[in-house]
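Notes follow the structure.
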Amino acid sequence: MNRFEEFTTRIVQQVGKKEGAISPVMVNSASFGYGNSETGEGIFDGSVKKPLYARVGNPTSAQLEQILASMDGGIGAVAASSGMGATAMATLSLLRAGDEIISIGGLFGGTYSYFSETLSRFGITTHFFDVDELDAVEEAINTATKIIFLESVGNPNMRLPDIAAIAHIANRNGVVLMVDNTITPLSVAPIALGADIVVYSTTKIINGNASALGGAVVFRAIAEGEDKFKSERYRDLHPFIKKMGNMALVANAKKRALRDFGMSANGFGSYLTMLGLETLPLRMDRIVSSVETVAKALHEHGFIVNHPSLPHHPHHGRYKDQFMNGCGTLLTIDMGTKERAFEFLNHSKLITITANIGDSRTLGLHMASTIYRDFDEPTREFLGITPGLIRISIGLESAEAIIADFIHAANL
């Protein structure tokens, strides 16, 4: 049974109920009554497992969290208001002024800005490396290093990290590995490869229809014996380990980030996300196949296409060996100039021009004039942003229809 087929069965069984309402129950209350003072005290000290306040948890979001944790082999998950909210929650729950992050590979523009501009204002430094600079990454690790961060697939440079090799470096040096798996849910299993924390923008392919903004963080369990989180490097986490045991990372995220910063998911958004999640395996299976078909056909028609399934891509071997279930919905096309890129996007009949990715529809966006417009030239070059670069997110339309539309739009 392939990975998509396995989850086709598992996820729909987890979302639906055998008794009562089959569809997830949507709880949209901002607050919850405790009934009596003793129960209220128990809820606040963690001994009573009932809703406290919507900012730190919601019953509908809790069901979504259970499914996502199960999907990734984690001990628990925390839903957030957006993908950036999830990234902020995952990082801020572990960081303090003076700490350092090592970021590997291409990055979504919002994440790059968060690391390079926002966190730097609070005394947190990020060092950026290409996906293949593993010796330099290991040399950069020091006592202040708290997080190694990477995207499962570089967005939009389409470079593929060797996640298992990077996990080995992180574990050998006792440093957390955090993977943004937004583009490759089900296709890539970061925790199984050695990651500690997985971040998602559920707005993207998990939801799949642009109906709900959301994010989530999935955490591995704290081990009973030796564990990197029990080292002096993560001493701020030790009170949570002492009280919560293997669930310490979840409790830490809720108290150190969700409670204090409020990047909380809402019940309605979590409900819509679960409806999308039911069909995720089917959509992923179709889309990763279509991406390969479209990339190959466009390359043969003279497009400058960037996707690891193509033999000329520098990580084609890694794609074949380590990304057997594909690398998500993305490919890029370089039209050479902004003007040619605009012409192509405006002439396409299928592309929806938007900043989103992972939708049921095919999406496209010129990178340099939008998400990366405020970045200087050296940063754009590092992130793979060229003047004519278009990011394409392939949807559920037939691959043949997409190919025909693109060829017509480009007038090739």
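Bear in mind these aren't lab numbers, they're just calculated from the coordinates by the rules spelled out. All of these numbers come straight from a predicted model, not from anything done at the bench. Note that each Cβ is placed from the backbone with ideal geometry, even for glycine, and that neighbours are counted across all protein chains shown.
Can you compute the charge dipole magnitude of the chain about its Cα centre, using +1 on each Lys and Arg Cβ and -1 on each Asp and Glu Cβ, nothing else charged? Give it in debye, rounded to the nearest 20.
Taking the Cα centre of the chain as origin, the dipole is about 1100 debye.
Roughly how tilted is helix 399-410, in degrees to the nearest 10 and between 0 and 90, from the longest Cα axis of the chain?
Here the helix axis deviates by roughly 60 degrees.
List the residues of the range 338-359 whose backbone N lies under 11 Å from a point placed 7 Å from the Cα of Ala401 along the Cα-to-Cβ direction.
Only 350-351 pass the distance filter.
Using only DSSP helix segments of four residues or longer, with each worth -39500 (n - 2.57), what per-residue ellipticity at 222 nm results for the chain after dividing by its residue count and rounding to 500? All intermediate terms of the calculation are to be shown ahead of the outcome.
Values: 15 runs with 149 residues, N = 412.
That calculation yields -10500 deg cm²/dmol at 222 nm.
Once phi is turned into θ = phi - 60°, what whole-Hz ³J(HN,Hα) does the Karplus curve with 6.51, -1.76 and 1.60 give for every residue of the range 221-227, x standing for Gly and Pro?
6, 6, 6, 5, x, 5, 7
Measure nothing fancy, just the Cα-based angle from helix 163-172's long axis to the longest principal axis of the chain, in degrees from 0 to 90, nearest 10.
Compared with the principal axis, the helix lies near 40 degrees.
Only bridges whose two residues both fall in the chain count here: according to DSSP, what percent of them are antiparallel, nearest 5? It would help to have the intermediate numbers written out before the result.
Working: 22 of 42 bridges.
Percent antiparallel among DSSP bridges in the chain is about 50.
Would you mind getting the Kirkwood hydrodynamic radius of the chain from its Cα pairs, rounded to one decimal in Å? Before the final figure, lay out the partial values.
On the way: mean 1/r = 0.0455 Å⁻¹.
Here the Kirkwood hydrodynamic radius works out to 22.0 Å.
Rounding to the nearest 10 and keeping the result within 0 to 90°, find how far the Cα-based axis of helix 59-72 lies from the longest principal axis of the chain.
With rounding to tens, the tilt is 60 degrees.
Take the alpha carbon atoms of the range 235-339, find their radius of gyration, then divide it by 2.2 N^0.38 Å using N residues; give the quotient.
On the way: Rg = 21.2 Å, N = 105, 2.2 N^0.38 = 12.9 Å.
The value comes to 1.65.
Once the piece of chain linking Glu138 and Asp236 is laid out straight, how much longer is it, given 0.36 nm per residue of separation minus the C-alpha distance between them? Please list the in-between numbers first.
On the way: separation 98, 0.36 × 98 = 35.28 nm, distance 2.38 nm.
Extending this stretch completely gives an extra 32.9 nm.
Students often forget the sequence filter, so: which aspartates and glutamates lie under 20 Å Cα-Cα from Lys338 once same-chain residues fewer than 8 apart are removed?
Partners within reach: Asp374, Asp376, Glu377, Glu381, Asp405.
Give me a comma-separated list of calculated 3J(HN,Hα) values for the range 278-295, in order, Karplus coefficients 6.51, -1.76, 1.60 applied at θ = phi - 60°, integers in Hz, x for any Gly or Pro.
Per residue, the Karplus-derived 3J(HN,Hα) values read 4, 9, 3, x, 5, 5, 4, 4, 5, 5, 5, 5, 5, 4, 4, 4, 5, 4 Hz.
Hey, what did the chain get for relative contact order, percent, Cα under 8 Å, at least 6 apart? If you can, show how the numbers build up before the last one.
Working: 837 pairs, mean separation 76.5, N = 412.
For the chain, the relative contact order is 19 percent.
May I ask for the net charge around His366, where only other residues with Cβ less than 9 Å from the Cβ of His366 are counted and Lys, Arg are +1 while Asp, Glu are -1? All intermediate terms of the calculation are to be shown ahead of the outcome.
Values: positive: Lys338, Arg391; negative: none.
Once all neighbours under 9 Å are counted, the net charge is +2.
Could you work out, for the range 98-216, what percent of all Cα-Cα pairs fall into each 5 Å distance bin, beginning at 0 Å and stopping at the bin that holds the largest distance?
2, 12, 22, 24, 21, 12, 5, 2, 0
Output the peptides 307-315, 280-288 sorted from most to least packed, where packing is the average of other Cβ atoms within 10 Å over each peptide's residues. Please list the in-between numbers first.
Numbers: 307-315: 17.4, 280-288: 21.3.
With the highest mean Cβ count within 10 Å placed first, the list reads 280-288, 307-315.
Let me know the whole percent of all Cα-Cα pairs from the range 281-410 that are separated by more than 18 Å. If you can, show how the numbers build up before the last one.
Details: 4354 of 8385 pairs.
Within the range 281-410, distances greater than 18 Å cover 52 percent of Cα pairs.
Which of Ile169, Ile75, Ile22 ends up with the largest GNM mean-square fluctuation for the chain, with Cα atoms connected below 10 Å?
Of Ile169, Ile75, Ile22, the Gaussian network model singles out Ile22 as fluctuating most.
Pick out which of Gly267, Gly154, Gly16 has the largest mean-square fluctuation in a Gaussian network model of the chain, springs linking Cα atoms closer than 10 Å.
Sorting by GNM fluctuation, first place goes to Gly16.
Using the Kirkwood radius over Cα pairs, work out the Stokes-Einstein diffusion coefficient for the range 1-92 at 4 °C and 1.567 mPa s, in µm²/s as a whole number.
Details: Rh = 15.4 Å.
Here the translational diffusion coefficient equals 84 µm²/s.
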